[in-house]
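Read-outs: derived from the displayed coordinates by stated rules, not from any lab. Small disclaimer: the values here were computed from a predicted structure and weren't measured. Positions of Cβ are backbone-derived with ideal geometry, glycine not excepted, and every protein chain shown enters the neighbour counts.
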Amino acid sequence: MSQTLAEMLQEPLASVKHRERHALEEKLAAHNGRVVLFGSGTLGRRALDLLTGLGAHVLAFTDNNSAAWGTTIEGVPVLSPEEASRLYGKEAVFFVTIWNDHHWYSQTLARLTTLGCTSISTYAPIFWRFPDTFLTLLLLNEPPHRLYGEAADVLKAETIWADEESLDIYRANIAWRALGDASKLPGPPATWTYFPRDLFRLGHGDVLVDCGAFDGDSIRTLLADGCDDFAAIYAIEADTVSFENLKSYIASLPPAIGAKIKPVECAIGEERCVLRFECSGSLTSTASEDGTLVDCIPLDELFAGKSVTMIKMDIEGAEHGALLGGRETIRRDRPIMAVCVYHTQNDIWRLPLLLSSIMPDYRFFLRAYEGDGFQTVCYAVPPERVCAA
């Protein structure tokens, strides 16, 4: 990054708010309203309608999917990246309108730059211009000025990372949220796991609490990695559909393994309550106003008489409350923590800071597993369990 975080966060709040409101129109004005949309899926089609409503001229879609080339969407042609770049690379702004966990903006940026495109942007200016439409989506769910309002905490969290890889990932994520610049986010990792062997090892006697167990996908990863001598796994899942799938998976395992895995049907939060939960069987099931009634139980209550050695959390934005409801368990047992920090804009600094306040001697790592900031995980590891370099 050309700027340090401290320098970036000195931008006056009035300037940040102006940037949010006007970034899209300024990009359009610089290219006389000429636009190409890279990505013809749901986000690209929605962007077409909104940009057309602003008076922009969307010249074309382009897409990685060759099956779409030669088709049209609302009269707009879908071209190959090579053809779109040849025709419009020097006269239009290319907005990359791909919002999924399999896409890395840095790769698309490099490709379009190589093809001769001179103006390339993430979808962030579109999100900022139409906040009611888009600012409900995971790590960009708040406008940038909210981040600047928490600058002291953002900078405090910058100081806790134990290695350069973590620090680079953290700074890149802040730039993505603050500036709409996803170019420094890491590309595809070698492996995707909640159990990175370069940071810690699980084995004999370990007790894993899997918050957001889904259908057993994390347990599959652990077993595939050869770790089957754990003492117990408590697989916690609130979605009734996923819970049934989880139980079926456990039943399919060899009896000696399956007997050590305890399915627990509930949500996890700061305090005991009953809440409504979307029970769809999807990876992103979460609390919902019109969902099914489920029990929400704090970890401190669930494990009042049981010791744990690792807690994994991927619970769609409910991690902050779940950590508050598990403070005593964490202090008592000193478990390894693997916590997703991408579900909301500020999770990437507030969750590590919360964990640091609970266990200040832990070592903190950040790893990114999927595209454009998705599946970014904070690992908080007691020093006695960190793998030697």
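On alpha-carbon atoms, Rg over Rh for the range 12-139 using Kirkwood Rh?
0.95
Please name whichever of Phe230, Gly187, Leu246 sits farthest to the positive end of the charge dipole of the chain, dipole taken about the Cα centre and charges placed at Cβ: Lys and Arg +1, Asp and Glu -1.
Gly187
Please work out the FRET efficiency for the pair Ser252 and Asp225, using the Cβ-Cβ distance as r and a Förster radius of 22 Å; give the result to the nearest 0.05.
0.75
Compute and list, largest first, the equivalent-ellipsoid semi-axes of the range 166-251 from the alpha carbon gyration tensor, each √(5λ) rounded to a whole angstrom.
31, 18, 11
I'd like the antiparallel share, as a percent to the nearest 5, of DSSP beta bridges with both residues in the chain.
35
Which of Thr52, Thr62, Thr344 comes first, and how do the rest follow, when ranked by fewest Cβ neighbours within 10 Å?
In increasing order of surrounding Cβ atoms, one gets Thr52, Thr344, Thr62.
Under a 5 Å amide H to amide H cut-off, with H placed in plane at 1.01 Å, what residues pair with Ile336 once short-range neighbours are removed?
Met310, Ile311
As a footprinting exposure proxy, order Ile358, Ile250 by other Cβ within 10 Å, with the fewest listed first.
Ile358, Ile250
Quick one: Cα convex hull volume of the range 187-385, Å³ per residue?
116
What are the radius of gyration and Dmax of the chain, computed over its Cα atoms and given in Å?
So, for the chain, Rg and Dmax equal 22.5, 67 Å respectively.
Sequence gap of 8 or more, or different chains, plus Cα separation below 28 Å: how many lysine pairs satisfy both in the chain?
17
What are the residues whose amide H is under 5 Å from the amide H of Phe277, where those residues sit 5 or more places off or on another chain and H is modelled from the backbone?
Counting only residues 5 or more places away or on other chains, the set is Ser288, Gly291, Thr292, Leu293, Val294.
What's the FRET efficiency of Lys17 with Glu301 using the Cβ-Cβ distance as r and R₀ = 35 Å, to the nearest 0.05?
It comes to 0.25.
For Met337, Met8, Met310, which order do you get if you count the other beta carbons within 10 Å of each Cβ and list the fewest first?
Met8, Met310, Met337
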